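The values are calculated or read from the model by the stated rules, or taken from the named source; none is laboratory data. Keep in mind that this is a model prediction, so the values were computed, not measured. Counting neighbours? That spans all protein chains shown, and the Cβs are built from the backbone with ideal geometry, glycine included. These accessible areas exclude ligands, DNA and RNA; they are computed on the full protein's heavy atoms, side chains included. Shrake-Rupley method; radii C 1.70, N 1.55, O 1.52, S 1.80 Å.
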Amino acid sequence: MSNPVYLALDLPRLDAGLALVQKVKGHIGGVKLGLEFFCAHGHHGVHEVAKLGLPIFLDLKLHDIPNTVAAAMQSIHVLEPAIVTIHASGGRAMMEDAKAAAGEHCKVVAVTVLTSLDDDDLTAVGVSASAHDQALRLADLAQEAGLDGIVCSGHEVGAIHKRWKNGFFVVPGLRPDTGHTADQKRIVTPSAARRDGASVLVIGRPISRAVDPVAAARAIEATL
């Protein structure tokens, strides 16, 4: 992948989002469309972004019984996404069925531990393991289930890469050295994540909310 940066399109208006992608498309490798975008704009919105010629990453984080997740995967074949996310905590059977139902050229990656969660948050929901250990455990399960890779924070990607040499690793929660952390807790810089083995770097607000999005995207690209 020549440019691993996927822009997280977190703008509520479709026209503004399309204009942003058009501006920065020379400095990114793809576009990540999350749950907020998909609920607001549906298939139509995805098709409109796809017309701009960049790979689409559908970050839907599917998590349900295996049959339901498989049916959801089949329903998005027409969108031809390059990457789709599911939750590793849905279990091995769900992950296996999701991969089996995915399009031929679609990478299915499993979310391990959200970058908005830390050890205290996991304890509060009954997980005794640290965020690091839980991410490694779920990454192992995703690999056993035959998925293409996982989503993890930059803090875990190096350790997971050592265990899964040919895995496809998506790292969100990235901020440049001068970036604000906002609601993210386990963050690193894009260059550090790339060095540790990240395949895709998901970056949203540092570009989309910048005074000059093109300059921001170019500056991040220059560090990689």
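Points worth noting:
- Looking at the range 5-222, the pairs of alpha carbons with a distance over 31 Å make up 16% of the total.
- Pairwise label distance in nanometres, N67 with A16, each label 7 Å out on the Cα-Cβ vector: 4.2
- Among residues other than A98 with Cβ under 13 Å from its Cβ, the summed charge is 0 (Lys and Arg +1, Asp and Glu -1).
- Distance (nanometres) between label positions extended 7 Å along Cα→Cβ at N3 and S116: 2.8
- As a size descriptor, the averaged projected area of the C-alpha convex hull of the range 1-98 was calculated at 6.3 nm².
- Counting only protein heavy atoms and a 1.4 Å probe, the range 1-56 has 45 square angstrom of accessible area per residue.
- For a modelled paramagnetic label at V125, 7 Å from Cα along Cα-to-Cβ, the residues of the range 67-95 in reach, with backbone nitrogen under 15 Å, are 86-91.
- Of A82, A124, A110, the one that fluctuates the most in a GNM where the chain has Cα springs shorter than 10 Å: A124
- Pairwise label distance in nanometres, A215 with E96, each label 7 Å out on the Cα-Cβ vector: 5.4
- Dipole orientation for the chain: of the candidates A217, P12, H161, A217 has the Cα lying most toward the positive pole (charges on Cβ; Lys, Arg +1; Asp, Glu -1).
- With every protein chain in place, the chain: carbon and sulfur % of accessible area (1.4 Å): 52
- Placing +1 on each Lys and Arg Cβ and -1 on each Asp and Glu Cβ, with no other charges, gives the chain a dipole about its Cα centre of roughly 600 debye.
- Signed unit charges on C-beta, dipole axis of the chain, positive-most listed residue G173, V49, F38: V49
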